[in-house]
Structures are given as C-alpha cells and as structure tokens.
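Below is one structure, written out as structure tokens; the observations come after it.
Values quoted throughout were computed directly from the atomic coordinates according to the rules given, and no laboratory measurement underlies them. Quick caveat: nothing in here was measured; it's all calculated off a predicted structure. Cβ: placed from backbone, ideal geometry, glycine included. Neighbour counts: every protein chain shown.
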Amino acid sequence: MVMLHTLVAIIYEGVFMLKNRVLQVLQSGSQFTPAQLARLTNSSENSIRPRISELRSEGHAIYTNTTKNGRSSYRLGKPSRAMVAAAYKQSGSEAFLA
C-alpha cells in the first residue's frame, strides 16, 4: 500500500511540474501548437491538452487559435471584458473569489 501511495505522489508531482513548464512556455508571449509545447516540455502531445484544461480551470486565459494549416495552437492572453462578463453571468461574484 505504501508503494502505491508513493507511486501516486510521484505521478502527481510529474503532472504538476509539466503544468508549470507549459505555463512558463506560454508566458513567453508566443503561440504554440500542442506538438511544439510537447517538444519544449519534453512530454507527449496527449499530455498537453489536459494541462491546458487544468491551467484554464485555475483562471489562466489560454486562447485556442487555428493556424493556417488548420491545426490548433495556444497562447496566453488577458481575458476580454466579454469573457469577464460571461463568467459573471454564469457564476456571479463566486467566479472572482480567490
């Protein structure tokens, strides 16, 4: 049982570290495809999308754009007034409590 608990802790730490690396790359201000983010963070493309979702759920304004060849790309931005209004309409002031 102790080994399982240790393994779960190691996996959680790895996911946490990957999420932080993805955020650091996005904070450069550029736009990145999932493949580029995977390459820059030494991970797989399949592990990027869940980390983007986690970062969004933490309040990071990560936008998905479509590249010229039709692929998705991500960039970190500032939420627009429309996004803030939509969050307020959906959740009220609860959306802005830390």
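Sorting LYS19, LYS89 by the number of Cβ atoms found within 10 Å of their own Cβ, with the fewest placed first, yields LYS89, LYS19.
Within the straight-line cut-off of under 23 Å between alpha carbons, the lysines reachable from LYS19 are LYS78, sequence neighbours fewer than 8 places apart in one chain being disregarded. When the square roots of the Cα gyration tensor eigenvalues are ordered a ≥ b ≥ c, the ratio a/c for region 2-96 is 1.5 or more and a/b does not exceed b/c, which makes its shape oblate. Backbone geometry of region 63-72 corresponds, through the Karplus equation with coefficients 6.51, -1.76 and 1.60 at θ = phi - 60°, to 3J(HN,Hα) couplings of 9, 9, 10, 10, 6, 4, 8, x, 8, 7 Hz, x marking Gly and Pro.
Label sites at LEU40 and THR64, each approximated as a point 7 angstrom past Cα along Cα to Cβ, lie 1.9 nm apart. Residues PHE32, PHE96 in ascending order of nearby Cβ atoms (within 10 Å, fewest first): PHE96, PHE32.
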